[in-house]
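As structure tokens, the structure follows; a few thoughts come after it.
The values are calculated or read from the model by the stated rules, or taken from the named source; none is laboratory data. What you are looking at is a predicted structure, and each value in this text was computed from that prediction instead of being measured. Cβ atoms come from the backbone with ideal geometry, glycine included; neighbour counts cover every protein chain shown.
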Amino acid sequence: MKYTDINIKTVEELKALLKEKETLLFELNLKLRTMQLTNSSEIRVARKDIARIKTALSEKRRA
């Protein structure tokens, strides 16, 4: 997910997306611990998406 896609969303949509991505990250970490995760790079992608969403949220709160 690119920052330009995230930046056009509203604050409510961003909060919902953040909750969804954090849940996904939790599930990925759980799968990693139980040796069920086949592609470990998904964790990195989810963490970066969460960081992008948090950046967009803080930018919208300042404006």
#### Entry: Filter result (loosely packed, with under 12 Cβ neighbours inside 10 Å, more than 21 Å from Arg62 (Cα to Cα) and of a type outside the set (D, E, K, R)) within region 1-45
Thr23, Phe26, Leu30, Thr34, Met35, Gln36, Thr38, Asn39, Ser40, Ser41
### Message
If Arg61 satisfies all but one of (1) over 19 Å from Thr4 (Cα atoms); (2) modelled with pLDDT under 95; (3) among the charged types (D, E, K, R), what's the number of the condition it fails?
### Response
(1)
## Note on the structure
Considering region 18-58, residues that are among the small types (Gly, Ala, Ser) and in contact (Cβ under 8 Å) with a residue 12 or more places away in the chain, and then whichever is nearest to Asp5 (Cα to Cα), we arrive at Ala56
### Task
Tally the residues that are small (Gly, Ala, Ser) and within 12 Å of the chain's Cα centre (by Cα), restricting the search to region 1-49.
2
